[in-house]
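Nothing in this text is a laboratory measurement; each read-out follows from the coordinates by a stated rule. Note that the structure is predicted; figures quoted are calculated from it, not measured. Ideal geometry is used to build each Cβ from the backbone, glycine not excepted, and the neighbour counts take in all protein chains shown.
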Amino acid sequence: MQTLERCCAQAICLQERTMETTLVLIKPGGVNRRLIGEIIRRIEARDLTVVGLKLVRPNRALVEEHYAEHRGKGFFDDVVNYLTSGRVVAMAVEGVNAIQAVRTMMGATNPLEATPGSVRGDLALSIDDNLTHSSSDADAAAREVKLWFSEGLPK
Ligand code: CDP
Ligand code: MG
């Protein structure tokens, strides 16, 4: 039992200190509302580091691949249309436990359920204009950073 507890404690400790890189998108609504600075300010204030950054007008193929897990769902076409409707900020963000930290900072998918203090809880009202994307787990983060930064991240 003691060993198990030590292992668990160690695992939690290791998990808490994992250096990660996650993908953040500021969707067209966020760009149009001039929230780029506000969202990046919050990310940097959290002691996370922006290690890749660009403003792009993504094509349909890129967005459909990005949201491949949602293909076939009722909102798929709407979310793809939304993401391709204007300019998007793509960011790679690095830090300790960055994936979970950023997800929590952005808040629940539906802004009506997002905690006040989160980006969506403070700045958004509607699920179809919820301002940001952030990677959900390590596999998604690796895939998405590679997809949006196929040229690689600047050293
Ligand atoms: O962005 P997040 O990971 O929080 O949510 P998701 O479940 O992966 O869904 C991706 C995106 O699809 C959301 O951020 C919304 O923009 C959109 N969506 C929607 O419009 N209606 C839903 N019922 C679910 C998602
Ligand atoms: Mg998602």
Once a ≥ b ≥ c are taken as the square roots of the eigenvalues of the Cα gyration tensor of the chain, is the result rounded (a/c under 1.5), prolate (a/b larger than b/c) or oblate (a/b not larger than b/c)?
prolate
Tell me, what HN-Hα J-couplings in whole Hz come from the Karplus equation 6.51 cos²θ - 1.76 cosθ + 1.60 at θ = phi - 60° for each residue of segment 135-144, using x for Gly and Pro?
4, 8, 7, 5, 5, 4, 4, 4, 5, 6
With the charge dipole of the chain built from beta-carbon charges (+1 for Lys and Arg, -1 for Asp and Glu) about the Cα centre, the Cα from S134, M19, L55 projecting farthest to the positive end belongs to L55
Give the shape of segment 82-155 as rounded, prolate or oblate, defined through the alpha-carbon gyration tensor: a ≥ b ≥ c are the square roots of its eigenvalues, a/c under 1.5 means rounded, and otherwise the shape is prolate if a/b is larger than b/c and oblate if not.
oblate
Run the dipole for the chain about the Cα centre, Lys and Arg Cβ at +1, Asp and Glu Cβ at -1, nothing else charged, and hand back the magnitude in debye, nearest 20.
420 debye
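What does DSSP give for segment 18-148 in terms of the percent of beta bridges that are antiparallel, rounded to the nearest 5?
Details: 18 of 19 bridges.
Within segment 18-148, antiparallel bridges account for around 95 percent of the total.
Can you give the helix-only mean residue ellipticity at 222 nm for the chain, where every DSSP H stretch with n ≥ 4 adds -39500 (n - 2.57) and the sum goes over all residues, rounded to the nearest 500 deg cm²/dmol?
Details: 8 runs with 70 residues, N = 155.
Roughly -12500 deg cm²/dmol at 222 nm, from the helical runs in the chain.
Using a Cα distance threshold of under 22 Å, what count of lysine pairs results for the chain when pairs must be 8 or more residues apart or interchain? Can you show the working numbers first?
Numbers: K27/K54; K27/K73; K27/K146; K54/K146; K54/K155; K146/K155.
Count of close lysine pairs: 6.
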The long-range amide H neighbours of L53, using H built 1.01 Å from N in the peptide plane and a cut-off of under 5 Å, are A92
Most exposed first by the Cβ proxy, i.e. fewest other Cβ within 10 Å, how do S118, S126, S134, S150 rank?
S150, S126, S118, S134
